[in-house]
Amino acid sequence: MRNFRDRVFLATFSEGAAQTANKYGFSLEINDLCISSNLEPENRLETIKRIEDEIVEAKAQGKKLIMHGPFTELTPDAMDPRVIELMVDRYMTSVEICERFGIKDMVVHSGYIPLMYHRDWHVPRSIEFWQRISDMLPNGFTLYVENVFDEDPYILQDVIKGTDRRNIRGCLDVGHANAIRSKYSIYEWIDVLKHEIGHFHLHTNDGTSDQHGGLESGDMDMKGILSHILNCCTEDVTFTVESRESEPSAIFLENFFNTIPHIDMIK
């Protein structure tokens, strides 16, 4: 089984992420493309330089890296065809930047906004869009579609299963699932999506808003959640810590993986 450090990434928006990744042997999920305007031609070189600096600071050269793709004002169920073409451009420009750094995995948001479009519109439009993107991706490249405002796990499951492409998988953000106040527990989200998930975002909140708290905060039972993931999902799933401060969560994961009975994960 893979060393657990090969499966853990720290979001670069997290305070001290590069230094913490270097200290604990983790890698990075890069957030510099999240804001779509960073992909504008006049901003692109500065963005690429920032990514280079983060990788060097984390001593992550040669390690697997994950990119978080752009999400501002991007939704695959948009009615305006020009918005769809903008999304294609934003995503494929991001893929080009990924290739520059040897990155083969990128997280993107589902774009579901329940107060804007009904799920019966969102799901088929999303399937159509992600199938189009799937056909444009380089060989060996995978997109992970992440829940944000999704009210239940079945929306994302329907999209991933309907897209039915090996290079389009799910990313379960446990903090978002908790903050949306879904009637489903995090354990039920995992149970429903366990065959679709390839990646997890880990952070906590008290259920009132998307707070990106530390794994150690106690607001959510992260030990129970992580144990359930390990019991339910395939061993190739990966994890990104998205807490606002990186080191307390890194220490939490270090302690967790060193005390669970899955001892072969840390050899």
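Among the conditions (1) crowded, with 22+ Cβ neighbours inside 10 Å; (2) within 16 Å of residue 103 (Cβ to Cβ), the only one that residue 34 does not satisfy is (1). Suppose we keep only residues that are surrounded by fewer than 17 Cβ atoms within 10 Å (Cβ to Cβ) and under 16 Å from the mean Cα position of the chain (by Cα) within the stretch 209-242. Which one would you say is farthest from residue 148 (Cα to Cα)? Step by step, filter the stretch 209-242, then rank; the result is 236. Looking at the stretch 182-193, can you tell me whether even one residue there is basic (Lys, Arg), outside any helix (DSSP H, G or I) and over 19 Å from the mean Cα position of the chain (by Cα)? Yes - at least one qualifying residue is present in the stretch 182-193. Every listed requirement among (1) surrounded by 12 or more Cβ atoms within 10 Å (Cβ to Cβ); (2) within 30 Å of residue 4 (Cα to Cα); (3) out of contact with any Asp or Glu (no Cβ under 7 Å at 6 or more places or on another chain) is met by residue 50 save one, (3).
Checked against (1) under 25 Å from residue 110 (Cβ atoms); (2) out of contact with any His (no Cβ under 6 Å at 6 or more places or on another chain), residue 252 passes all but condition (1). What residue, among those in the stretch 243-265 that are among the polar types (S, T, N, Q) and under 17 Å from the mean Cα position of the chain (by Cα), is nearest to residue 180 (Cα to Cα)? Restricting to residues being among the polar types (S, T, N, Q) and under 17 Å from the mean Cα position of the chain (by Cα), the top hit is 243. Listed conditions (1) within 22 Å of residue 160 (Cα to Cα); (2) touching a His at 6+ places or on another chain (Cβ under 9 Å); (3) buried (at least 22 other Cβ atoms within 10 Å of the Cβ) are all met by residue 74, apart from (3). Annotation note: of 97, 51, 127, 103, the sole residue that is modelled with pLDDT of 95 or more, aliphatic (A, V, I, L, M), assigned to a helix (DSSP H, G or I) and closer than 20 Å to residue 201 by Cβ is 51. Among the conditions (1) of a type outside the set (S, T, N, Q); (2) modelled with pLDDT of 95 or more; (3) surrounded by fewer than 19 Cβ atoms within 10 Å (Cβ to Cβ), the only one that residue 62 does not satisfy is (2).
The values are calculated or read from the model by the stated rules, or taken from the named source; none is laboratory data. Just so you know, these numbers come straight off a predicted model, no measurement behind them. Quick reminder, even Gly has a Cβ in these numbers, built from the backbone with ideal geometry, and neighbours come from all protein chains shown.
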